[in-house]
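As structure tokens, the structure follows; a few thoughts come after it.
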Amino acid sequence: MLNSPALENLNGIRHGFFTRQGGVSTGLYSSLNCGFGADEPRENVLENRSRALARMDSPDASLVTAYQFHSADVHIVEQTWTSPEGAPRGDALVTNRPGIALGIMTADCTPVLFADPLAGVIGAAHAGWQGAIKGVTDSTLLAMEKLGAKRENIHVAIGPCIAQMSYEVGAEFAQRFCEEQESNLEYFIPSPREGRFLFDLRRYVGSRLKQSGIKQLSVSKNDTYSEADLFFSYRRSCHLKEADYGRGLSAIVLEE
């Protein structure tokens, strides 16, 4: 489990960006797969989630995760759901209820954790490129403010995701970002392959957060694609022609 400097010393708040290590899953999902979308026994996923909460020193917390689909949709969590079938569709969660751990699943996309320790409000967002350009981090901040958070007091941590040197994209991809805002060209550099580019997802997400007024921000330097012993990676699994991939958990909770 990795911790962020932006969040680790906040009173009453625990968090973790979990690696793939320390679980019970085997094969492609070895070993701390926490996503119900993987093709493995549900009891394995439940055990892995339980282990993650214990490692976060929150064994009695209730972990909730959404049905993610690369949107900017955010849900205010007032009560837990007991099964993945009961999970809402969306890519961000916020709460002011102690004991509810907000979780995000990623395998190259950017996990973002938020906390206002003064207001007692936390959030978690799944920011792949689609959610990022749609404004999922902006949606999360607005939802936190509805619960009483103040933007100047919100601490944000960007967790491990795919790094620029591992994220090759086509010209049409780059064009879409530049059409949204011409200055977005700065997040792309030419790839060694002609006509291709390398995209800096985490810097794009970080820049959007700074533009939104976030002053207390930390950014992980880990690369989910190249660090195969530590992280699941959708893109790596595709390049290796594997049948599936595990999902990594990032979580945050208010202590009871």
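Please work out the Cα convex hull volume for the stretch 28-180 and give it in Å³ per residue. Show your work: numbers first, answer last.
Working: hull volume 20.7 nm³, N = 153.
Each residue corresponds to 135 Å³ of Cα convex hull volume.
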Discussion item. Explain nothing, just the number: dipole magnitude of the stretch 96-197 about its Cα centre with +1 on each Lys and Arg Cβ and -1 on each Asp and Glu Cβ, in debye rounded to the nearest 20.
Written reply: 420 debye
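May I ask you to derive the FRET efficiency for Asp57 and Arg235 from their Cβ-Cβ distance with R0 = 25 Å, giving the value to the nearest 0.05? Please list the in-between numbers first.
On the way: r = 32 Å, r/R0 = 1.29.
The pair Asp57/Arg235 has a calculated efficiency of 0.20.
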Practice prompt. Please give every one of the lysines within straight-line cross-link reach of Lys134, meaning a C-alpha to C-alpha distance under 17 Å, and leave out same-chain neighbours fewer than 8 residues apart.
Written response: Lys210
Worksheet entry | Loop-located trypsin sites (Lys or Arg not before Pro) in the stretch 141-214 whose Cβ has at most 13 other Cβ within 10 Å (DSSP) | Lys150, Arg193
Practice prompt. Give me the Debye-computed log₁₀ of I(q)/I(0) at q = 0.14, 0.27 Å⁻¹ for the stretch 217-256, equal point scatterers on Cα only, no solvent, two decimals.
Written response: -0.43, -0.97
Worksheet item: In whole Hz, what ³J(HN,Hα) sequence does the stretch 120-136 give by Karplus (6.51, -1.76, 1.60; θ = phi - 60°), x for Gly and Pro?
Response: x, 10, 10, x, 8, 9, 9, 10, x, 5, 5, x, 5, 6, 7, x, 5
Worksheet entry | Inter-probe distance in nm under a simple model that places probes 7 Å from Cα toward Cβ, at Ser226 and Leu142 | 3.7 nm
Practice prompt. Over all directions, average the projected area of the Cα convex hull of the chain and note it in nm².
Written response: 12.7 nm²
Discussion item. Could you check the spin-label model distance between Ser183 and Glu8? Points 7 Å from the Cα along Cα→Cβ, value in nm.
Written reply: 3.2 nm
Fill in: Nearest-20 debye value, the chain charge dipole, Cβ charges on Lys, Arg, Asp, Glu
260 debye
Worksheet item: Quick one: if you stick a label point 7 Å off each Cα along the C-beta vector at Ser212 and Glu85, how many nm between them?
Response: 3.3 nm
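Based only on other Cβ atoms within 10 Å, what is the fewest-to-most ordering of His239, His15?
Numbers: His239 11, His15 28.
The fewest-first ordering by Cβ neighbours comes to His239, His15.
No value in this document is a laboratory result; all are computed from the given coordinates. Quantities reported herein were computed from a predicted structural model and do not represent experimental measurements. Counting neighbours? That spans all protein chains shown, and the Cβs are built from the backbone with ideal geometry, glycine included.
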